[in-house]
Amino acid sequence: MREEIINCSNEVTAFVANNESDVEAFRIKYSGKKGILNDFFARFKDVPNNEKKETGQVLNQLKMLVAEKIESLTSQFQSGQQSTIKIDDYTRPAQFDFAGSRHPISIVRNKMISIFERMGFSVEEGPEIEDDWHNFSALNFPPEHPARDMQDTFFIDTNPDIALRTHTSSVQIRVMENNKPPIRSIFPGRVYRNEAISARAHCFFHQIEGLYVDKNVTFADLKHALLHFSREMFDSKTNIRLRPSYFPFTEPSAEMDISCNLCGGEGCAFCKYTGWVEILGCGMVDPNVLQNCNIDPTVYTGYAFGVGVERITNLLYGVKDLRMFSENDIRFLEQFEGA
């Protein structure tokens with residue numbers, strides 16, 4: 001077989017084409033589906049092991065020789081044609097036959113912001129690289145809290161005081177430090193967690209957190225605001241329920257479920273036949289947090305909530321793999337055209 005390959009290499013080297021038809025016939029003969037190269041590669045498995053190395057080397061050389069020959073002959077016969085092509089403007093961008101659309105995260109994020117803006121919330125943003133005070137300490141995270149561990153947080157240059165923010169709650173602190181109540185704001189942004197990437201988790205995602213601080217703010221105000229948001233976001237018949245939970249920066253704290261938007265609360269595989277789907281965490285701002293921001297907790301109270309944009313997007317569009325949001329696959333993105 002090695003001798004056959006060497007003979008073919010000599011033939012390829014000596015081949016001369018008179019026109020483009022000769023080049024195409026040469027390509028089919030050697031590189032076609034039933035060509036000489038495919039036949040050699042199919043027979044290669046039967047070569048004795050002690051001969052595979054040398055045979056494989058000459059076979060790869062033949063493959064490269066054929067490719068170079070085809071490229072050389074093709075450019076030879078096309079060079080004359082190219083000289084007749086007139087290009088009017090070399091600065092014109094290339095013409096593509098495909099286009100994406102608005103990203104689903106952007107679609108849902110903008111809708112969520114619009115709902116809260118109509119409720120009187122302003123939009124505030126902050127840095128993605130945060131110090132310990134704004135990301136943890138001011139939010140009532142004790143020094144031994146597991147969120148401070150390297151497993152959950154991306155620290156900058158191993159500096160325990162600087163990290164990629166793990167939540168947009170850090171913006172709440174900045175707003176309360178620089179403004180006096182009443183404060184009614186939402187904080188959309190990207191956050192980072194040191195987690196293994198899978199269909200259900202990612203090392204970065206998007207949040208929208210909200211804060212309302214004023215005199216006589218109650219848990220009933222929080223419940224009413226979240227009920228209104230849920231019915232605007234999903235359906236006017238959507239119901240909510242609040243379950244006791246724990247967050248360092250709110251007391252009391254709760255997790256909020258909505259009636260499943262797929263089965264209407266009747267129970268299905270998506271909601272695990274409970275009729276409810278969790279979408280966010282919330283609670284009354286802990287007095288210690290207010291005090292850390294120089295707001296008198298004996299005069300003012302407030303509520304806060306945080307919702308994951310990917311979570312809401314999954315509920316609306318049924319996207320089962322979080323990785324699809326960041327892969328920039330045009331086939332995935334074009335499905336949201338007109339959304």
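Below, the figures for the structure above:
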quantity	calculated
Scattering profile of the range 105-192 at q = 0.11 Å⁻¹ [log10 I(q)/I(0), Debye over alpha-carbon scatterers]	-0.35
Lone cysteines, the chain (no partner Cβ under 4.7 Å)	CYS8, CYS203, CYS282, CYS293
Positive-end residue of ALA201, LEU226, THR298, charge dipole of the range 105-336 with Cβ unit charges	LEU226
GNM result for the chain, Cα springs below 10 Å: residue of LEU65, LEU322, LEU242 fluctuating most strongly	LEU65
Using alpha carbons only: equivalent-ellipsoid semi-axes of the range 2-82, gyration tensor based, whole Å	28, 12, 9
Ellipticity estimate at 222 nm from DSSP helix runs (n ≥ 4, -39,500 (n - 2.57)) divided over the chain, nearest 500	-12000 deg cm²/dmol
Per DSSP, loop trypsin sites (Lys or Arg not before Pro) in the range 31-73 with at most 15 further Cβ within 10 Å	LYS33, LYS34
Cα centroid separation - the range 217-243 against the range 1-41, whole Å	72
Cross-link partners of LYS69 among lysines (Cα-Cα below 17 Å; sequence separation of 8 or more within a chain)	LYS29
Cα centre as origin, Lys/Arg/Asp/Glu Cβ charges: the chain dipole, Debye	860
Square roots of five times the Cα gyration tensor eigenvalues for the range 192-302, Å	29, 20, 11
Within the chain, percent of DSSP bridges classed antiparallel, to nearest 5	95
Semi-axis lengths, Å, the chain, gyration tensor of Cα atoms, sqrt of 5 times eigenvalues	62, 24, 22
Farthest positive-ward along the chain dipole, Cα basis, beta-carbon charges - from MET1, THR166, GLY275	GLY275
Loop trypsin sites (Lys or Arg not before Pro), the range 183-224 (other Cβ atoms within 10 Å of the site Cβ: 15 or fewer; DSSP)	ARG200, LYS215
Longest to shortest principal axis, alpha-carbon extents of the range 112-268, angstrom	49, 42, 27
The range 146-234: radius of gyration over Cα atoms, expressed as a fraction of 2.2 N^0.38 Å	1.33
Integer Hz, Karplus 6.51/-1.76/1.60 couplings in order for the range 288-301, x for Gly and Pro	4, 5, 4, 5, 4, 9, 6, 10, 6, x, 7, 10, 10, 10
Loop trypsin sites (Lys or Arg not before Pro), the range 279-339, which have at most 14 other Cβ atoms in a 10 Å radius of their Cβ (DSSP)	LYS320
Non-local Lys pairs in the range 105-336, i.e. 8 or more apart or on different chains, that have alpha carbons under 26 Å apart	11
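Values in this text are rule-based calculations from the coordinates and carry no lab data. All values derive from a computational prediction rather than experimental measurement. Note that we place each Cβ from the backbone using ideal geometry, even for glycine, and neighbour counts take in every protein chain shown.
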